[in-house]
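All remarks here apply to the structure that follows.
Here, each number is a calculation from the coordinates, and none is a lab measurement. Model, not experiment: these values are computed from the prediction. Positions of Cβ are backbone-derived with ideal geometry, glycine not excepted, and every protein chain shown enters the neighbour counts.
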Number of protein chains: 2
Amino acid sequence: MTEQALSINGKRLWTSLMDLAKVGATPKGGNCRLALTALDGEGRDLVVGWMKDAGLSIEVDQIGNIFGRRPGRDNTRAPVMVGSHIDTQPTGGKFDGCFGVLAGLEVMRTLQDHQLETDAPLELAIWTNEEGSRFIPVMMGSGVFAKKFSLETALNARDAKGIAVRDELKAIGYAGSAEVGARPVGAYFEAHIEQGPILEHEDHIIGAVTGSLGLRWYDVNVTGMEMHAGPTPMATRKDALYATSFLIQAVVDIARQNQPYGRGTVGEIQVHPGSRNVIPGGARITVDLRHKDADTLAEMDKTWRAACDEVARQHNVTIEVEQVGQFEPTPFDPSLVEKIRLGAAHRGLSVMDIVTGAGHDAVYMAAVAPTAMIFVPCKDGISHNEIEDAKPEHLEAGANVLLDAMIARANETR
Amino acid sequence: MTEQALSINGKRLWTSLMDLAKVGATPKGGNCRLALTALDGEGRDLVVGWMKDAGLSIEVDQIGNIFGRRPGRDNTRAPVMVGSHIDTQPTGGKFDGCFGVLAGLEVMRTLQDHQLETDAPLELAIWTNEEGSRFIPVMMGSGVFAKKFSLETALNARDAKGIAVRDELKAIGYAGSAEVGARPVGAYFEAHIEQGPILEHEDHIIGAVTGSLGLRWYDVNVTGMEMHAGPTPMATRKDALYATSFLIQAVVDIARQNQPYGRGTVGEIQVHPGSRNVIPGGARITVDLRHKDADTLAEMDKTWRAACDEVARQHNVTIEVEQVGQFEPTPFDPSLVEKIRLGAAHRGLSVMDIVTGAGHDAVYMAAVAPTAMIFVPCKDGISHNEIEDAKPEHLEAGANVLLDAMIARANETR
């Protein structure tokens, strides 16, 4: 049989997604399965059981990442890995992360169904604490694996109640012994719902993800003069919120001037003293700037800082800008991305190149091995929400493209 | 002796201000003498003692307003009243309110010093709870006096701890028996620090207050769509905060288009969900618009509502505007204002017409009797603040103008 004739079982994929979603189900149809809780443990046990049934041998590392291995014809080759996460946001959905893990599982099951062997071995990874809702850093398991921060940092992280990752790993039985990041990875694939509206809007079923947006985060403090709203003439005011309104617009303008990959968001704002009849003397905002090109992002940073200077000058306030976060843009591996495009094309699935604006384990894994992602549409672009939804036929299509790409890579002549 | 030759004792005025400021003094040099606390009672006792020493007969009404009366030659005439308040903000200054009361006291003391009699009797009023920091409504004593709200409403008002005005009046010994608002008032004067920067900026010592700004208060809710800051392209966003930035600018623009009496302030803002990497789906602001002319204020209201419609249309959000407060502009009595201008001119004091943007007991009293106010500069226009400051020579000048105006009015042929 040809590789294209092989297809995953869409019904089985959907059933597994729905079964996993029963663990930590919320009344509104979503999931609350926070990292390393008993529910996360229950979800892990369920999926690990399925992995064993699919013939995978299981290994758990010291940060609780789970690896299920399917041998190849040549087990000296580094495996082609697929992965994602099964922890959720507090009011998360059924597909974020879980689709990637269970699509990978479905690839393994399909190969088992047909008793097919690949040249390179295959591995399915479940990364610990991708969401970061309970413990930070986010993308914890893949972050330690990719040496973005230390195992100790991760193990010592504590939740709001003071409970440490180290202790919760033991409590749920996933404090493994394998050294984190020691296993070789030949290539890394991750399938995911888009978490944005582009595929739906452009009417494409498959997104061939070419990389991730870089981002810069800033904290901005604007200081004016707190005065009475009544007695103070307009001309003598130093209104911190009025000045800030121009900063909010500058952030959006800068992103719009750098389309289609620019993003600019002011997500938080507070004013001081925050009284109906007092001119705000202080304002604080957070700023989030993103772009796929490092050079363009650096230019956006410059333009943004210049805008702050100009607003301060024009509106008689002082503005302090502190950069508090930075991720460099991460291009994915062109040959893997091409395999996704080809896989979609061979199956007659409408495909477009896309860049991920959200963080994923794949973004860290790109530092370890050639990496690519497959996106499928999610309803109205909504994610991190109990109403998160995706169509079974889109998930099936994404898993088939994953199957094709993994087999193509694993059987590639070296 | 001519009226102009008569002058108040500036040193005595200053000493009394400093003595009163010892009651409830704060470490930073301000005052915390919240309405109807034991400290307010102590302050009242101190000033009432001074009023008795100045020969005034004391009466207290049912809301705790204190009246000190100095008989005239014709006691069938309604008295010329002067007044203000001695309660303070939690971190208030030494001059807001107290200057008005003690300038009135100084007029009485000066007439006593010189054994001078006026045709009409004179009265000094201390109004209960002008600040509204502990109990609302604000301007409580004058508000009941002017029948803006009922005595029962005021007596039943409770502070954050649930303690009622009714009980606190008894506790400090100022639950009087006189019917509120029953006493006749022939004219009402109030001297006050400006609480704004205009006099200082224009280098004038006396402000002849021609009236008060009218105001409208609004609560505004902007609803967009909460989305991820990364995956959501700029073109498909419904960013509630970005839309709100145009509302903030509209408020300021509308005030600037109606100078010199227009004011526009956004004092509060909250966004939902308020997360660094989430496009705000909701925003709430308060809006404060003011002008001295009722017609212009109505026009500003129309322009503001039209701006909301335009922003909603342009930025793909819904905007709900609710008017939650309204004070009509209150013109003061032209003949009293003219007496203030003349008094200042005769003494060679630099004087300008000014409109009060803040609320004062005088604004309510204008509904009861011909009313006017005298403003003197305060340092940097700062009030409701422990660093509130005023120059002794300016306070003396203001009290002298008050003296002249009160005598002129009291001796006016009917």
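Using a label point 7 angstrom from Cα along Cα-to-C-beta, what distances in nm, from shortest up, separate B:Gln314 from the other copies?
1.4
Quick one: among B:Arg158, B:Arg44, B:Arg134, which has the greatest mean-square fluctuation in a GNM of chain B with alpha-carbon springs under 10 angstrom?
Among B:Arg158, B:Arg44, B:Arg134, the largest GNM mean-square fluctuation belongs to B:Arg158.
Using a label position 7 Å from Cα in the Cα→Cβ direction, what is the ascending list of nm distances from B:Asp295 to the same site in the other copies?
Values, ascending and in nm: 6.2.
Karplus couplings for the range A:49-62 from phi (6.51 cos²θ - 1.76 cosθ + 1.60, θ = phi - 60°), rounded to Hz, Gly and Pro as x?
Computed from phi, the couplings for the range A:49-62 are x, 5, 5, 5, 4, 7, x, 8, 8, 9, 9, 10, 9, 5 Hz.
What distance in nm separates the simple spin-label points at B:Val138 and A:Ile387, each placed 7 Å from Cα in the Cβ direction?
Going by the 7 Å Cα→Cβ label model, 4.0 nm.
Can you tell me the relative contact order of chain B? Whole percent, Cα pairs under 8 Å, sequence separation 6 or more.
Computed value for chain B: 23 percent relative contact order.
Pick from A:Met51, A:Met227, A:Met365: which is most flexible by mean-square fluctuation in a GNM of chain A where alpha carbon atoms under 10 Å apart are linked?
Largest GNM mean-square fluctuation: A:Met227.
Go through B:Thr286, B:Ala306, B:Leu241 and say which Cα lies farthest out towards the positive end of the charge dipole of the range B:214-324; charges sit on Cβ, +1 for Lys and Arg, -1 for Asp and Glu.
Farthest along the dipole direction, towards plus: B:Leu241.
Within the range B:228-243, name every residue whose backbone N is under 16 Å away from a label modeled 7 Å from Cα of A:Phe327 along the Cβ vector.
B:228-233
Quick one: label points 7 angstrom along Cα→Cβ at A:Ala160, distances to the other copies in nm, smallest first?
In ascending order, 2.4 nm.
Counting DSSP beta bridges in chain B, what percent are antiparallel, to the nearest 5?
Percentage antiparallel, nearest 5: 70.
Count, for each residue of B:214-224, the Cβ atoms from other chains sitting within 10 Å of its Cβ, then give me the mean as a whole number.
Across B:214-224, the average partner-chain Cβ count within 10 Å equals 1.
Within the range A:203-221, find all residues whose amide N lies under 19 Å from a label point positioned 7 Å from the Cα of A:Ser350 along Cα-to-beta-carbon.
Correct set: A:203-209.
Among the residues of chain B, which one places its Cβ closest to the rotation axis that maps chain B onto chain A, and what is that distance in whole Å?
Axis-proximal residue of B, distance in whole Å: B:Ser245, 2.
Need one value for A:357-369: mean number of C-beta atoms belonging to other chains within 10 Å of its residues' C-beta atoms.
The shielding value for this peptide is 1.
Based on a Kirkwood Rh over C-alpha pairs, give the Stokes-Einstein translational diffusion coefficient of the range B:214-324 at 37 °C and viscosity 0.692 mPa s in µm²/s.
The calculation lands on 229 µm²/s.
Over the Cα atoms of the range A:210-271, how large are the radius of gyration and the largest Cα-Cα distance (Dmax), in Å?
My reading of the Cα-based Rg and Dmax gives 15.9, 57 Å.
State, to one decimal in nm², a quarter of the convex hull surface area for the C-alpha atoms of the protein assembly as shown, i.e. the direction-averaged projected area.
For the protein assembly as shown, averaging the hull's shadow over all directions gives 38.6 nm².
Kindly provide the helix-only [θ] at 222 nm of chain B, computed as the sum of -39,500 (n - 2.57) over DSSP H runs of four or more divided by all residues, to the nearest 500 deg cm²/dmol?
Helices in chain B give a 222 nm mean residue ellipticity of -11000 deg cm²/dmol.
Determine how many Å³ per residue the convex hull of the Cα atoms of chain A encloses.
Residue-normalised Cα hull volume stands at 146 Å³.
If r is the Cβ-Cβ distance from A:Thr91 to B:Glu42 and R0 is 51 Å, what FRET efficiency results, to the nearest 0.05?
It comes out at approximately 0.40.
For A:Glu117 and A:Ala367, what is the calculated FRET efficiency with R₀ set at 35 Å and r taken between the beta-carbons, to the nearest 0.05?
After rounding, the FRET efficiency stands at 0.75.
Taking only Cα atoms, what is the 0 to 90° angle, nearest 10, from helix B:10-21's long axis to the longest principal axis of chain B?
Tilt relative to chain B: about 60 degrees.
Would you mind telling me which residue in A:Ile374, A:Ile205, A:Ile86 has the biggest mean-square fluctuation in a Gaussian network model of chain A, where springs connect alpha carbons within a distance under 10 angstrom?
Of A:Ile374, A:Ile205, A:Ile86, the Gaussian network model singles out A:Ile205 as fluctuating most.
With contacts defined as alpha carbon pairs under 8 Å and 6 or more residues apart, what's the relative contact order of the range B:214-324 in percent?
42
Compute the helix-to-body angle for B:392-410: its Cα long axis versus the longest principal axis of chain B, expressed 0 to 90° and rounded to tens.
Its long axis makes an angle of about 70 degrees.
Give me the angle, in degrees from 0 to 90, between the Cα long axis of helix B:240-256 and the longest principal axis of the Cα atoms of chain B, rounded to the nearest 10.
Compared with the principal axis, the helix lies near 40 degrees.
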